[in-house]
Amino acid sequence: MSAEEAEVAEALPEQPRSRRLLFMLAVIVLLVGAAGASAWYFGLFGGAAGPGQAAEKEAPKQALYYTLADNLVVNFRNPGGVRYLEVGIDLMTRDPEALPALKTNSPVLRNNLILLLSDQSESDLSTREGKEAVRAKALAEVRSAMQKLYGSPAVDELYFTTFVMQ
């Protein structure tokens with residue numbers, strides 16, 4: 001065998017080895033890409049949870065309601081004479097342990113709301129904006145009282161379920 005033939009013979013086995021190397025690199029790239037795509041799909045990198053997978057974020061807790069007053073009646077400021085306000089008040093919480101605390105402290109909450117509502121004027125209560133402002137003040141009052149009495153504001157929302165002025 002001549003020197004040229006020996007060089008050709010040595011070069012021939014190199015070609016399949018380089019093709020195998022190229023093929024293995026392509027397979028590795030595809031596997032890494034597939035792993036990244038599946039990780040994203042199943043939520044490992046902040047993507048949506050895949051089929052049959054539980055979401056990592058906790059669902060919001062269920063709203064629970066406590067009726068503080070079906071018909072809280074107060075007289076309010078009116079320069080033309082005595083006027084009455086009757087309101088129904090429901091409190092919304094997402095803390096199941098707060099419901100017994102709301103019941104236990106309802107006399108304090110009712111008292112504070114009577115004082116707040118009786119200090120309102122007819123003009124404060126005659127518009128939607130005025131009612132919303134009073135509702136916000138009432139919520140703040142209840143949350144403040146519950147913070148002192150229960151150690152947590154406990155109440156997320158306050159709703160007027162009835163609202164009658166006479």
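The values are calculated or read from the model by the stated rules, or taken from the named source; none is laboratory data. Please read all numbers here as calculations on a predicted model, not as lab measurements. All Cβ positions, glycine included, derive from the backbone under ideal geometry; neighbour counts span all protein chains shown. For the accessible areas, the whole protein counts, side chains as well, though only heavy atoms, and no ligand, DNA or RNA atoms are used. Shrake-Rupley method; radii C 1.70, N 1.55, O 1.52, S 1.80 Å.
Before moving on, here are some points about what is shown:
- Yes/no for residue 4 being at pLDDT below 75, assigned to a helix (DSSP H, G or I) and more than 30 Å from residue 145 (Cα to Cα): yes
- Residue tally, condition part of a strand (DSSP E or B) and charged (D, E, K, R), over the range 84-110: 2
- Of all the criteria given as (1) touching a strand residue (DSSP E or B) at 6+ places or on another chain (Cβ under 8 Å); (2) open to solvent by 40 Å² or more (accessible area, probe 1.4 Å), the one not satisfied by residue 62 is (1).
- Screening residue 81 against (1) assigned to a helix (DSSP H, G or I); (2) over 24 Å from the mean Cα position of the chain (by Cα); (3) of a type outside the set (A, V, I, L, M, F, W, C); (4) farther than 16 Å from residue 157 by Cα leaves a single unmet condition, (1).
- Within the range 110-125, the residues that satisfy the criterion of being open to solvent by 30 Å² or more (accessible area, probe 1.4 Å) and either within 17 Å of residue 71 (Cβ to Cβ) or modelled with pLDDT of 90 or more (or both) are 110, 111, 112, 114, 115, 116, 118, 119.
- Breaking point among (1) modelled with pLDDT of 75 or more; (2) not in a helix (DSSP H, G or I), for residue 32: (2)
- Scope the range 126-138; condition closer than 25 Å to residue 98 by Cα and open to solvent by less than 30 Å² (accessible area, probe 1.4 Å); matching residues: 134, 138
- A count restricted to the range 84-109 and to residues that are of a type in the set (D, E, K, R), surrounded by 15 or more Cβ atoms within 10 Å (Cβ to Cβ) and under 31 Å from the mean Cα position of the chain (by Cα) stands at 2.
- Scanning the range 147-166 for residues that are part of a strand (DSSP E or B) and either without any contact (Cβ under 8 Å) to a residue 40 or more places away in the chain or open to solvent by less than 70 Å² (accessible area, probe 1.4 Å) (or both) turns up 157, 158, 160, 162, 163, 164, 165.
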